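The values are calculated or read from the model by the stated rules, or taken from the named source; none is laboratory data. It should be emphasised that the depicted structure is a prediction, and the values quoted were computed from it without experimental measurement. Note that each Cβ is placed from the backbone with ideal geometry, even for glycine, and that neighbours are counted across all protein chains shown.
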Amino acid sequence: MSNNSLRLNTILFFTMTGIFIVDQNIKMLFVDGFRYYTDCIDLILVYNKGVAFSMFSFLDEWLKYIQLAMVFGILLYIIMLKKVCFAFPAGLMLGGAFSNIYDRFIHGGVVDMVYWHCGFNFAVFNFADVMIDVAVVWFLILNFKPKN
């Protein structure tokens with residue numbers, strides 16, 4: 001294994017594992033009963049059976065297997081791409097994705113807890129969702145930055 005591949009795999013593995021562990025620990029607080037309410041943000045427990053804004057919830061049990069196949073495809077693509085600059089954002093995205101898929105297997109839906117309702121009502125989301133969004137922005141920056 002080349003030094004470049006070792007670096008990519010190490011960064012990818014530790015980032016994925018870290019995001020997964022942090023997200024699952026946060027979710028366990030809410031599954032165990034933690035709640036907090038404010039004027040703008042409520043920290044509540046919601047099980048999302050679909051994806052963003054509960055889309056595709058009609059797929060029921062099939063959704064987790066479709067997502068699992070897609071996530072393994074992305075993981076394989078990142079490893080075959082062999083670009084270390086993609087390792088950290090891919091780790092953020094895949095760690096969050098695996099954590100949400102794990103929820104589907106264990107809880108029957110994704111554990112969401114942050115409900116924004118200041119000025120307008122927004123979807124309920126979790127830490128993994130935020131990490132996936134950060135990773136998408138990071139990928140866009142990497143793909144559209146000028147090549148030197």
Given (1) farther than 25 Å from LEU142 by Cβ; (2) in contact with a Lys or Arg (Cβ under 6 Å, 6 or more places away or on another chain), HIS117 misses just (2)
The condition of being of a type outside the set (Val, Ile, Thr), without any contact (Cβ under 8 Å) to a residue 40 or more places away in the chain and more than 14 Å from VAL110 (Cβ to Cβ) holds, among MET70, MET16, MET93, only for MET70
Margin query: For the structure I just gave you, tell me whether VAL136 is surrounded by fewer than 23 Cβ atoms within 10 Å (Cβ to Cβ) and either touching a Leu at 6+ places or on another chain (Cβ under 8 Å) or not acidic (Asp, Glu) (or both).
Written below: yes
* Asked: Does any residue of the stretch 84-96 turn out to be more than 20 Å from GLY18 (Cα to Cα), hydrophobic (A, V, I, L, M, F, W, C) and loosely packed, with under 15 Cβ neighbours inside 10 Å?
  -> no
* Is it true that ASP39 is modelled with pLDDT of 90 or more, acidic (Asp, Glu) and either surrounded by 13 or more Cβ atoms within 10 Å (Cβ to Cβ) or in contact with a strand residue (DSSP E or B) (Cβ under 8 Å, 6 or more places away or on another chain) (or both)? -> no
